[in-house]
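Throughout, read-outs are computed from the coordinates displayed, never taken from laboratory work. No experiment lies behind these values; they were computed from the predicted model shown. Because the Cβ atoms are built from the backbone with ideal geometry, glycine has one as well, and the counts that use them run over all protein chains shown.
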Amino acid sequence: MINIISRAYLSKRASGPKKVVDNLIKGLDLIGYPYIINKRLDACRRLWIHDDASALAGIAGLRPDIKVIAGPNIYVLPRNIPDFIDLSGVVYLHPSQWVKDFWDDFGFNRCAIEVWPAGIDTGEFKPSDKEKKYVLIYFKQRDEKELETVENILKRLGICYKIINYGDVGGQYKESEYKNLLAEAKYMIWIGRQESQGIALEEAMSANVPVLVCDVSYVGQWRAAKKFMAVLNEKENAYQNTTSAPYFDERCGLKIKNLSDIVEAINKMESGWRNFKPRQYILDNLNLEKQARDFAVIYEKYFNLGFGAGLNEKPINRGNWRNNKFYYKTYFKFRESARPIIRMISR
């Protein structure tokens, strides 16, 4: 049994962190692995703190038999973690190898790091029989000139296209809109920032839409509001061991690092988009059941808490973590409803 501590679980808004927790829960249901959500931190022996920094700070008082996995949606950078939090017995999750390498290279050594990507809901994102009418451009926080370059080339080649724009903070489009656009897309051109996993890209691949990734060359190759750009310092922005598509192979489409290669890449996609098999890549590597099982096995790998034993466990203690209490749920609901108004005022 796993106690899942997550604020994103309460949200109604589609986001990366929301997908991480929801898709793990779907996978655990599929493999029949028990879990509880936002219960007291010592409710059972397996504790996952998904995105709650206050819960991570609260592990200090737990009994040693409570084993903790944390992340990936708590801290962006290792220097963000307060010194007073003792991580010595924690396993910290990152969605891909390059993010683990980033933390390692910037000196993080406070606990073990495990690479674990969330599963993709291949039932929700599946191939469509609709006629393929256009190329879909997914634009996420890159230089507008790069988008303009790609648009001009598509116009010159007489290729019909549509654009979906992620915006500064996400939520600029509805998931239903994304699904509808994918249903009639021949392939997608991804002009996006660095991604720790790239769930939206993987959802397109799950829908069997191949992708031409205009990849980043360094972490700082992105454009967003100043408050987001200020998260990383100059050295961190210059880090080169990164990508827009951490989970990708020749079945999925094409990757280019330089826009000077875009015409050749588009021509290859135009002539060969039907030959790619991106959905098979997702089914083989990132299906819900596999990733849920891989998650549960982390407790066995680091803490000797066997997968089979976890299938039969029951809660040790009853009660709620604050995320599951009425006052917090009311506050969270109010904050969610106020978000669009705050975003409009801040523009």
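Residues whose amide H lies under 5 Å from that of Asn320, counting only those 5 or more places away or on a different chain, are Arg40; hydrogens are built 1.01 Å from N in the peptide plane. Taking the C-alpha atoms only, the angle from helix 16-31 to the longest principal axis of the chain is near 70 degrees. Residues whose amide H lies under 5 Å from that of Ile37, counting only those 5 or more places away or on a different chain, are Ile4; hydrogens are built 1.01 Å from N in the peptide plane.
Order the peptides 307-319, 246-258, 216-228 from the highest to the lowest mean number of other Cβ atoms within 10 Å of their residues.
Values: 307-319: 12.8, 246-258: 18.1, 216-228: 15.4.
Sorting 307-319, 246-258, 216-228 by mean packing, highest first, produces 246-258, 216-228, 307-319.
Computed with the Debye formula from one identical point scatterer per Cα of the range 69-204, without solvent, the log10 of I(q)/I(0) at q = 0.13, 0.15, 0.16, 0.21 Å⁻¹ comes to -0.71, -0.86, -0.92, -1.23. Quick one: what does P(r) look like for the range 134-285 with 5 Å bins over all Cα pairs, in whole %? All Cα pairs, binned at 5 Å, distribute as 2, 9, 20, 23, 22, 15, 7, 3, 0 percent.
In the chain, inverting the average of 1/r over every pair of distinct C-alpha atoms gives 21.5 Å as the Kirkwood radius. Pairwise Cα distances in the range 193-347 exceed 18 Å in 75 percent of cases. For the range 243-249, backbone phi angles converted through the Karplus equation (6.51, -1.76, 1.60; θ = phi - 60°) give residue-by-residue couplings of 6, 7, 9, x, 10, 5, 9 Hz, Gly and Pro being listed as x.
Ranked by the mean number of other Cβ atoms within 10 Å per residue, highest first, peptides 290-299, 272-281 order as 290-299, 272-281. To the nearest ten degrees, helix 326-346 and the longest principal axis of the Cα atoms of the chain are 30 degrees apart.
Distance between the pseudo-spin-label points of Lys325 and Asn233 (7 Å out from Cα toward the beta carbon): 3.7 nm.
For the range 83-97, backbone phi angles converted through the Karplus equation (6.51, -1.76, 1.60; θ = phi - 60°) give residue-by-residue couplings of 5, 6, 7, 8, 9, 4, x, 9, 10, 9, 8, 10, x, 8, 5 Hz, Gly and Pro being listed as x.
Amide H to amide H, with H built 1.01 Å from N, Tyr134 comes under 5 Å of Lys186, counting only residues 5 or more places away or on other chains. Applied to the range 132-139, the Karplus parametrisation 6.51 cos²θ - 1.76 cosθ + 1.60 on θ = phi - 60° returns per-residue 3J(HN,Hα) values of 8, 10, 7, 9, 9, 9, 9, 10 Hz, with x for Gly and Pro.
Please sort by residue number the GluC sites (Glu not before Pro) in the range 100-140 whose DSSP state is loop and whose Cβ has at most 11 other Cβ atoms within 10 Å. Each step should come with its number before you reach the end.
Values: sites: Glu114, Glu124, Glu131; in loops: Glu124, Glu131.
Counting only loop positions with at most 11 other Cβ atoms within 10 Å, the GluC sites (Glu not before Pro) in the range 100-140 are Glu131.
Each label was represented as a point 7 Å from its Cα along the Cα-to-Cβ direction; for Ile163 and Lys333 these points are 3.9 nm apart. Here is how the number arises for the chain: DSSP H runs of 4 or more residues each give -39500 (n - 2.57), the sum is divided by the residue count, and the result at 222 nm is -11000 deg cm²/dmol.
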